[in-house]
Protein chains: 2
Amino acid sequence: MANIRVQRTFDALFALEDVREIFRQSLPSGLTPEQEQKVRESLAKVREYIGEIEAGGANTGTCPPKTRIGSLEIRTREEEYINIHPIQVAGRLTPEARKAIIAYGDGYSTCDYCRKPFRLDRITRPGIEDFHAELARFLNADQARVTPGARRAFQAVVSALVEKGDSVIVSSLAHYTEFLAVEQAGAIVKEVPKNEKNIVTADATAEKVEEVKRETGKLPALIMIDHFDYMFGNEHDVYGIAKVAKQYGIPFLYNGAYTVGIAPVDAKKIGADFVVGSGHKSMASVAPSGVLGVSNEYAPKVLRTTQMVGDVTKRKFGIKEVENLGCTLMGGTLLSMMASFPTVKERVKRWDEEVRKSNYFLEQFQRVEGSKVLSEWPRKHTLTKVDTTGSYDTVARTHKRRGFYFSEELAERGIVGEFAGATKTWKLNTYGLSWEKIKYLSEAFLDIARKHGLNVN
Amino acid sequence: MANIRVQRTFDALFALEDVREIFRQSLPSGLTPEQEQKVRESLAKVREYIGEIEAGGANTGTCPPKTRIGSLEIRTREEEYINIHPIQVAGRLTPEARKAIIAYGDGYSTCDYCRKPFRLDRITRPGIEDFHAELARFLNADQARVTPGARRAFQAVVSALVEKGDSVIVSSLAHYTEFLAVEQAGAIVKEVPKNEKNIVTADATAEKVEEVKRETGKLPALIMIDHFDYMFGNEHDVYGIAKVAKQYGIPFLYNGAYTVGIAPVDAKKIGADFVVGSGHKSMASVAPSGVLGVSNEYAPKVLRTTQMVGDVTKRKFGIKEVENLGCTLMGGTLLSMMASFPTVKERVKRWDEEVRKSNYFLEQFQRVEGSKVLSEWPRKHTLTKVDTTGSYDTVARTHKRRGFYFSEELAERGIVGEFAGATKTWKLNTYGLSWEKIKYLSEAFLDIARKHGLNVN
């Protein structure tokens, strides 16, 4: 039922894009009779699709062929399913962001009114300059920039502060992009060990700094720690670690890929010199997008402007920033972030409620005997690593579909986003699900367990 | 007239996004009566808007308030105007790309079926792996990757091949992002002088190589030349320059930001070790996006995979590429490029016709006494620098609106994209305009001239 209605919604959107294309092809003096005819034909299709949506899919004897864009199938999992994918849920676009990319999808769509000094963050129409000021306030950082993903923010900071052969301290649960940013600069990662609870502490960080100093004769050039890690979604002591960094005079980068945009983040309160966030992971934005907050202390280095002069032409390029390679998100990516921003600013205030929902679901999840939560408990985040070796996997061992039976049971109940076929240890994320969806999700997990004879407490 | 119809097209698209949002909020078990009611209300609005579009805007006594997305105004210049903006025209999305970002706007939308080895270019659903193979064939390069803009491709190559203090040869008409990529790596640009015709030749490049060798005792680490430059849209001798590079054994990067996606480009025929293109500038894609073609000779360096090992955890991150920082365009940007690609592959075959239209327009343009083309003549590209100091600017000198009178005259005729207020030297680009639009555009320029008493030959 939902299927056809969702599909017809896409069909109607696409037919309207066909109408829009006719306006694009037309002369300012107006449409030709032929173009007018095409507009009417497309609008008639829209009417038809609307009728089918209204009829609830009931009046279509047979399913229409699946809508495609050329060879590309449309993506309907957010409309048709509850998605618990570990990295997708907080990057889902808001309706405002979806509208913004409809309006601002074209290549350099931010550049209509670009004037001196010709830099993205100085454009006032659309209000990109104001957005940057708001973004800095939101992070409580002195300055803010947008970047093509959190990884490009790591790269900018590492490239500006770290020399070849330097050490950079990361968490032993650091995301791979931190490794790559360090490797790209020719430096070396030094991991802070996690404790038995899979937590990175301030003490362990201080010890690691001492170890690096002892072994290399030099302090690490940067400390870069994930507030919540990608593996367990555990909280690490960024406040304590920031103090350690300060004591040693080492710059501290707070990796907020799993916080900025979903939970309150305050750079000054944390004591972070840099705050990095991900647009497509946690700010309801089109990929690749990210944010970088910088303190005034480090801005002159990390946000330094070009000094290169052409030896022949004597050209210089104004105030373009070297590490950002000038302008960064000059189109739909940025506009999606800006359009989602009012919602994002509000939703971070409801973080506690999101965590409560996560805990509620996982309490129900653990009622199935043998199902475990591997992340810290109770949860302080919506991303969680679970272990179903003792529950759903016991079924997989003898099921003809192996682990895929579990994915199929979930899909039948309208749930996607787990790693297909995985029934031992895997990750899920409940961010953004309503209480109704949380309860539905909980019931689905229990239902599958009961169906396959697992004990439910 | 067009205005209201265009606006109502956006309104209808946005109302359908509201419908879509209700499906997103609903449970897999179906809509609640309240949600059902909201769907019906939004669909009723769509019907109303369609009615207004069909009525041609005639039945609306007063103009409706301008559609906004929160505080953001919608962008309708592609629907309502002929756009001749120097950098926007070949980045306009195709209808297919617009549909693709409607379907794939959500953050990590490419990752639904990401499996081992967990790399963007290996994803088979949607067909990202096949697209990469096609892209390599399209460029006639051994391998291809997507990047967040051409600048990030320059950065990847420079970072991999150039050491601090090295020299990199660029054109004296090089784009600023090449300067920044070199500066970011701590190297130094050395410009090849342009000749009196604003062309960079193979001989001048060879001389520059010799000069660098003489002065620094070392060959340049890289030669990076724009096939058509951003300033004049003049063609530079990349074929000859590639030969020079080969003779000296210096890697050669072909900057195709103004060719890849609009004109045929063949890396092997050119003799380029690297081909760089821009998605948002020339491949009808959402920003930031770009492409990098690499020869098998240099792939092991530029596309090298991570070797970093965690000192505590012994973690390694598989085949993630260091210079690309792992995955690059993991959402709507890439999908827009893929959706436009069939059109892009066809349109490059019509490049000669695009150039003919450009020349036709500029012939008409030069009928106004005092209007000059500063780019090479006849044009080999659609991007052109013009000088109207002797024509339209003579009017501006005494006009109460100064140079803005000219922009206003153009806007009244449905033309935008010139640099507002500029009446001396400025740039325009006719790429993608139909013959009808080219003729309309030509007539508009002549008409403005006549109106203000300029001589038209």
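Coordinate-derived values only; no laboratory data. Predicted model only: the values in this text are computed from it and were never measured. Every residue, glycine as well, gets a Cβ built from its backbone with ideal geometry; the counts of neighbours run over all protein chains shown.
Odds and ends about this structure:
- For the stretch B:2-61, the equivalent ellipsoid derived from the alpha-carbon gyration tensor has semi-axes of 28, 11, 6 Å in decreasing order.
- The DSSP beta bridges internal to chain B are antiparallel in roughly 55% of cases.
- Residues within the reach of a label modelled at B:Arg367 (point 7 angstrom out along Cα to beta-carbon, backbone nitrogen below 17 Å), restricted to the stretch B:412-440, are B:435-440.
- R0 of 56 Å, Cβ-Cβ distance A:Tyr113-A:Leu374: FRET efficiency to nearest 0.05: 0.65
- In the frame of its principal axes, the stretch B:158-315 has Cα extents of 61, 44, 26 Å, reported largest first.
- Potential extension, B:Lys268-B:Glu34 segment - 0.36 nm per residue separation minus Cα distance: 78.1 nm
- Neighbourhood charge, 9 Å Cβ-Cβ cut-off, centred on B:Val168 and excluding it, Lys, Arg +1 and Asp, Glu -1: -1
- If a spin label sat at a point 7 angstrom from the Cα of B:Glu196 along the line to its beta carbon, the backbone N atoms of the stretch B:369-387 nearer than 17 Å would be those of B:375-377.
- FRET E, pair A:Glu215, A:Ala299, Förster distance 35 Å, beta-carbon r, rounded to 0.05: 0.65
- The label point for B:Glu412 and the one for A:Glu408, both projected 7 Å from the Cα toward the Cβ, are 7.1 nm apart.
- For the residues of B:83-96, the average number of beta carbons from a partner chain within 10 Å of their own beta carbon is 5.
- Chain A comes nearest to the axis taking it onto chain B at the Cβ of one residue; that residue and its distance, in whole Å, are A:Pro148, 2.
- Across the stretch A:132-216, Cα pairs under 8 Å and at least six residues apart give a relative contact order of 22 percent.
- Calculated FRET efficiency for the pair A:Arg450/B:Asp387, C-beta based, R₀ 60 Å, to 0.05: 0.15
- The protein assembly as shown: antiparallel DSSP beta bridges as a percent of all, rounded to 5: 55
- Each peptide in A:190-200, B:169-179 receives the mean, over its residues, of other Cβ atoms within 10 Å, and ordering these scores from highest gives B:169-179, A:190-200.
- Assuming charge only on the beta carbon of Lys and Arg (+1) and of Asp and Glu (-1), the dipole of the stretch B:1-109 about its Cα centre is about 180 debye to the nearest 20.
- Across peptide A:313-322, the average count of Cβ atoms from other chains found within 10 Å of a residue's Cβ is 4.
- Here chain B was treated as a single set of alpha-carbon atoms; its pair distances binned every 20 Å from 0 give 21, 48, 27, 4, 0 percent.
- The mean sequence distance of close C-alpha pairs (under 8 Å, at least 6 residues apart), as a share of the length of chain A, puts its relative contact order at 17 percent.
- Count of Lys pairs (Cα-Cα under 15 Å; at least 8 positions apart or interchain) in the stretch B:93-244: 8
- Surrounding net charge for A:Ala204, when Lys and Arg each add one and Asp and Glu each subtract one, Cβ distance under 13 Å: -3
- Ranked by how many other beta carbons lie within 10 Å on average, peptides A:328-337, B:381-390 from highest: A:328-337, B:381-390
- Inter-centroid distance (Cα atoms) of the stretch A:136-172 relative to the stretch B:191-253, Å: 35
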